[in-house]
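The values are calculated or read from the model by the stated rules, or taken from the named source; none is laboratory data. Just so you know, these numbers come straight off a predicted model, no measurement behind them. Areas reflect the complete protein model, heavy atoms only, side chains present, ligands, DNA and RNA absent. Shrake-Rupley method; radii C 1.70, N 1.55, O 1.52, S 1.80 Å.
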Amino acid sequence: MEPIIKVNKISKEYRLGQTQSYVSLRDNLASAVSRITTKKYFQNKSNFFALKNVSFNVYPGEVVGIIGSNGAGKSTLLKILSGITYPTSGQATIRGRVGSLLEVGTGFHQELTGQENIFLNGAILGMKRKEIDQKLQEIIEFSGIDQFLDTPVKHYSSGMRIRLAFAVAAHLDPEILLIDEVLAVGDAQFQKKCLNKMNQI
């Protein structure tokens, strides 16, 4: 049987004191100022590995938990598997449709309403417009925040964001579901609802 996730000697190296660049105009300006004022400071910084030569396989039907202390590289590994970041070396091969819930509200636009973010987030996760239209009512009902759908997401609590994010991801019908510690945000009743949905998937 072929593995659906194959991780082969993945390493992820970071430079201490530097942030990852997600380029915007503001970031470019800040970076220019930063280079001028902190050039000497960063010369003394060293590199560290969040992950080093990690290898494993996951087969269809398996449930795998990654356990470790804070800073052990668990979230980094999930971000690599989700395609959010790239490994410094090694390779991850994934066979199947991936749904990921890594951080509260990842992929949401703060100024857009809840309903608009359902379409945006669904598109980011790989759903087609027609597919989202068909499942829209189910997603809204599952989230349980229907009265706030016309409110911009910037006014949502962290619990409301995770309800909406999970509702969208759960209706992606993923073959592989990657979940970080996001369910720690929701209340007990919603956590139970999510676990039941995961079991169905």
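Taking all protein chains as they are arranged and a probe of 1.4 Å, the heavy atoms of TYR14 leave approximately 60 Å² accessible to solvent.
Step through the table entries LYS9/LYS154; LYS9/LYS135; LYS128/LYS154; LYS135/LYS192; LYS79/LYS154; LYS12/LYS130, compare each Cα-Cα distance with 32 Å, and write down the pairs that go over it. Show your work: numbers first, answer last.
Numbers: LYS9/LYS154 39 Å; LYS9/LYS135 39 Å; LYS128/LYS154 25 Å; LYS135/LYS192 21 Å; LYS79/LYS154 24 Å; LYS12/LYS130 38 Å.
Listed pairs above 32 Å: LYS9/LYS154; LYS9/LYS135; LYS12/LYS130.
Working with all protein chains in place, sort ARG15, ARG95 by solvent-accessible area computed with a 1.4 Å probe, largest first. Walk me through the numbers on the way to the answer.
Details: ARG15 80, ARG95 120 Å².
So, going from the largest accessible area down, we get ARG95, ARG15.
Taking every protein chain into account, the 1.4 Å probe leaves LYS130 with about 150 Å² of accessible area, to the nearest ten. Full extension of the chain between ASN8 and ASP173 yields a length gain of 56.7 nm, computed as 0.36 nm times the residue separation minus the alpha carbon distance.
Compared with the alpha-carbon gap, the fully stretched path from SER89 to PHE56 is longer by 10.4 nm at 0.36 nm per residue.
Counting heavy atoms of the protein chains alone, ASP146 has an accessible area of about 90 Å² for a 1.4 Å probe.
Where a ≥ b ≥ c are the square roots of the eigenvalues of the C-alpha gyration tensor, would you call the stretch 113-201 rounded, which needs a/c under 1.5, or, failing that, prolate if a/b is larger than b/c, or oblate?
Details: a/c = 1.60, a/b = 1.04, b/c = 1.54.
Since a/c reaches 1.5 but b/c is at least a/b, the shape of the stretch 113-201 is classed as oblate.
For the residues VAL54, VAL168, VAL63, a 1.4 Å probe over the protein chains yields an accessible-area ranking, largest first, of VAL63, VAL54, VAL168.
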